[in-house]
Each structure stands twice: as structure tokens, then as C-alpha cells.
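No lab work stands behind these numbers, since they all come straight from the coordinates. As the structure is a prediction and not an experimental result, all values here were calculated from the model. Positions of Cβ are backbone-derived with ideal geometry, glycine not excepted, and every protein chain shown enters the neighbour counts.
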Amino acid sequence: MLGITGLMSGADRPAERASALLSALPPGSYLPAERRHGHQRGTEPGGRGLPPAVGPDPPPAPPEEIASWLAGPDPVEPGVVATASGRPDPGDDATEAPDVSVAGAARKT
């Protein structure tokens, strides 16, 4: 699911598609969503980017937009946040990590 939402644009109706998927899942299921920033070809950490066959890069999506894709089920803490700072290990300085994506998850009740 993360690979799919990471490539969706607003024209792909991600909130509608996530809602349809969630309706088919049993209670207790988790639905993740993410959108990467700065993954334009060749700018991703390590020099990787999307292969040309994948198509154009989707525009960045703010955390509020990603959260709207997960509207309905219970959000999983810490909510939709930059992945570098979402769940840092004790003693890690998340500000040192590159901010390459935002992600979150919700649990169907």
C-alpha cells in the first residue's frame, strides 16, 4: 500500500481509493499511507530515484492531505508525520535525518 499511495496524485482520488480498500478489510486491519518528497529521479538518498518506466513524480502532499486519505478509521499515533521523526530511537536526533517522506496509518475498528 505504501508503494501505491507514494505514487498517487490528487487526480488518482487517493482518499476514495483508500476508503474503498478499507471497507473491504476486516475490523482491526491497519491501512498505511505515505508520500515521498524529493524523490525526483536522482535526488533520493543514495542517488536512487524513480525509474523512468514509473512515470512522472507525483507532487508533494502535506501531512494534512495524507491524513485526509485515512479519514474514518482510528489514526495510529503519532499521526501523519515526517518519517524521519515519527518514531526515533532513544537518543537519536531526528533533525539529522533527511526528510524524504510523510507517512501515517489508521486502524479500522
Inset, instruction - Going by C-beta contacts inside 10 Å, put Ser101, Ser23, Ser29 in order with the fewest on the left. - result: Ser23, Ser29, Ser101
Inset, instruction - Collect residues whose amide H, placed 1.01 Å from N in the peptide plane, falls under 5 Å from the amide H of Ser101; neighbours closer than 5 in sequence don't count. - result: His37, Thr83, Ala84
Legend entry - Calculated from backbone phi, Karplus (6.51, -1.76, 1.60) coupling profile of the range 16-28 in Hz, x at Gly/Pro: 5, 5, 5, 4, 5, 5, 4, 5, 8, 8, x, x, x
Inset, instruction - Using amide H atoms built 1.01 Å from N in the peptide plane, name the residues 5+ places from Val76, or on other chains, whose amide H lies under 5 Å from its own. - result: Ala105, Ala106, Arg107
Inset, instruction - At 7 Å along the Cα-to-beta-carbon direction for both Ser19 and Glu64, put a label point, then send me their distance in nm to one decimal. - result: 1.9
